[in-house]
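Asks: Have a look at this one before I ask anything.
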Amino acid sequence: MQPMNEAPDNTAAGAAGAASDRPLGELQVRCLIYDAAGNCRPLKALADISEELREPTTFVWLDAVDPQPSDFAFIAEEFSLHPLAIEDALKDHDRPKIEAYGESWFVIVQGATRAGERLRIHELSLFVGAQFLVSVRTEPPYPLDEVERRWQFLPATLRRDSGALLYTLLDTVVDGYTPVAQAFEDRVEALESALLGDARRTNEVLLEIYAMKKELNRFRHAVVPVRDMLTPIMRGDLPLLGADELPYYRDVYDHVTRVIDQMDSARELVNNARDTHISVASHRQNEVAKQLTIVATVFLPLTFITGFFGQNFGWLVNHIADGKTFAAWGIGSEIAAFLALLGYFRFKRWF
């Protein structure tokens, strides 16, 4: 895990120090405390979270990677989280969502990164309260170093609270969608060029197209619900947000909409690439069929002529007695038939 800029010694030390206070096993965890002035300090023992939250001006950010059910029980006790929210956090979800549980909100968002040519989806579960935000990541964890950097350099006019941190998380995740969407567009264009190039790679490229279409659908299922999730936030349904924070969420909404437009463009390119493959394959098949038809048509009269002369008629026996006569009637008639068919094909523009 990446340590916080202000608290580089709290990555493993905080979790180790808290191990004697409650059973957290091998949980990777960090916890930071912010006071009313925005000053940050690491929490020495996680069992002190509930004590820290008694101070109205205190804000707590706890980040955990791949916690087990026993770890969730401890987190729920310290932050007074709803059991249904904990149950949801223990499951894998196909789509992001946002739900209210009393005075706190449960948010699921899915980040996207690329490992080479492979799309990787990272699920983040967020418990948002007036004085705290708990972020839970699954393995492999979504990197939060960019979130930390943006969180530290927020405008001074923006309050350092759960609403601002939630915005920073969503904004970072959504900004991470853009390079992934752009990579899809670039890859589709490369595949289209390959389809029109080497014919021997046609089947290979087709398999890549279908694999990329599957990945694009996974990516779309992670992105599109984020736009729907932001709608109640911008309506002001979250009492945790101040009026000065809503414009920032509208900016995230605009970014999500732009990424969805990119995905729609990429999906159209994928479909076009598939249609291009079908058209190219059909055209090549027609060209092969036409060539074979021409060859068969050319040999049809030649077969007739050789079969006719092979019948050994009396007239043939009596009149074809030397090589010149054989060449004139036998080979000459075949050449004449071939030239006649060739001229007819050219006249029809079949080749």
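Asks: For the range 232-258, enumerate the residues that are more than 23 Å from Val180 (Cβ to Cβ) and of a type outside the set (A, V, I, L, M).
Replies: If the condition is that a residue be more than 23 Å from Val180 (Cβ to Cβ) and of a type outside the set (A, V, I, L, M), then Pro232, Arg235, Gly236, Asp237, Pro239, Gly242, Asp244, Glu245, Pro247 are the ones that fit.
Asks: Next up: Considering each of Val226, Val205, Val256, Val252 in turn, give the residue that is in contact with a strand residue (DSSP E or B) (Cβ under 8 Å, 6 or more places away or on another chain), touching a residue at least 40 places away in the same chain (Cβ under 8 Å) and part of a helix (DSSP H, G or I).
Replies: Only one candidate qualifies: Val226.
Asks: Kindly check whether there is at least one residue in the range 246-269 that is within 16 Å of the chain's Cα centre (by Cα), hydrophobic (A, V, I, L, M, F, W, C) and exposed (fewer than 13 other Cβ atoms within 10 Å of the Cβ).
Replies: no
Asks: Is it the case that the range 90-103 has a residue that's touching a Leu at 6+ places or on another chain (Cβ under 6 Å), closer than 21 Å to Leu240 by Cα, at pLDDT 85 or above and surrounded by 15 or more Cβ atoms within 10 Å (Cβ to Cβ)?
Replies: No, the conditions are met nowhere in the range 90-103.
Asks: Return the pairs, sorted by first residue and then second, in which the second residue is among the charged types (D, E, K, R) and part of a helix (DSSP H, G or I), the first residue lies in the range 278-302 and is at pLDDT below 80, the beta carbons are less than 9 Å apart, and the residues are 6+ apart or on different chains.
Replies: Within 9 Å, the pairs are Pro301/Glu334; Leu302/Glu334.
Asks: Given the residues Phe338, Phe347, which is the only one that is exposed (fewer than 12 other Cβ atoms within 10 Å of the Cβ), in a helix (DSSP H, G or I) and at pLDDT 75 or above?
Replies: When all the criteria are applied, what remains is Phe347.
Asks: Quick check on my filter: what residues within the range 66-115 are assigned to a loop (DSSP other than H, G, I, E, B) and among the basic types (Lys, Arg)?
Replies: Of everything in the range 66-115, those that are assigned to a loop (DSSP other than H, G, I, E, B) and among the basic types (Lys, Arg) turn out to be Lys91, Arg95.
Asks: While we're looking at this one, here's another question. Being of a type in the set (A, V, I, L, M) and either more than 16 Å from Gln131 (Cβ to Cβ) or out of contact with any strand residue (DSSP E or B) (no Cβ under 8 Å at 6 or more places or on another chain) (or both) is the filter here; which residues of the range 64-89 pass it?
Replies: The answer is Ala64, Val65, Ala73, Ala76, Leu84, Ala85, Ile86, Ala89.
The values are calculated or read from the model by the stated rules, or taken from the named source; none is laboratory data. Owing to the predicted nature of the structure, the values given are computational and were not obtained by experimental measurement. With ideal geometry, Cβ positions are generated from the backbone for all residues, glycine too; neighbour counts draw on all protein chains shown.
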